[in-house]
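In what follows, a single structure is set out as structure tokens and then discussed.
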Amino acid sequence: MTTIQVQGLSTSDFNKIKEDFIRYFSEIYSEETLVTYLDPRGLLARVPKKMGRTKNQQLIRLVTLEEVKSALDEMEDDKSPGPNGFTTCFLKVCWDIIKRDLHRIILKFNIVIR
């Protein structure tokens, strides 16, 4: 790098470039800046709101048993949905036996990640 903008002016003076790099990175990586940046409230305040309250409520509501069944039906039979090794076909065949337990597990997971 031979030329940069320092406070709106182009410069190729190595010492000015060095000073500006040190100033810039010292500011953005200062403890105060990092704490402010990493604070969840500060971080969320910088995220633009792209959806309304109604859409947000739809996304965070608990899934229904019917939605679980619908998602399961859309999966290919030879796919494994998790580390337990049960294939999707197994879950579909045993649906009437396992549906309430599976739904309860999904609801617990949904509550934990909120």
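The values are calculated or read from the model by the stated rules, or taken from the named source; none is laboratory data. Source: prediction; values computed, not measured. Here Cβ is always computed from backbone atoms with ideal geometry, including for glycine, and neighbour counts include all displayed protein chains.
Details
- Evaluated against (1) of a type outside the set (Asp, Glu); (2) at pLDDT 85 or above; (3) farther than 28 Å from Ile106 by Cβ, Lys69 falls short on exactly one condition, (3).
- Conditions (1) part of a helix (DSSP H, G or I); (2) loosely packed, with under 10 Cβ neighbours inside 10 Å; (3) modelled with pLDDT under 75: number failed by Thr2: (1)
- Residue count, the range 55-72 (criterion: part of a helix (DSSP H, G or I) and surrounded by 11 or more Cβ atoms within 10 Å (Cβ to Cβ)): 8
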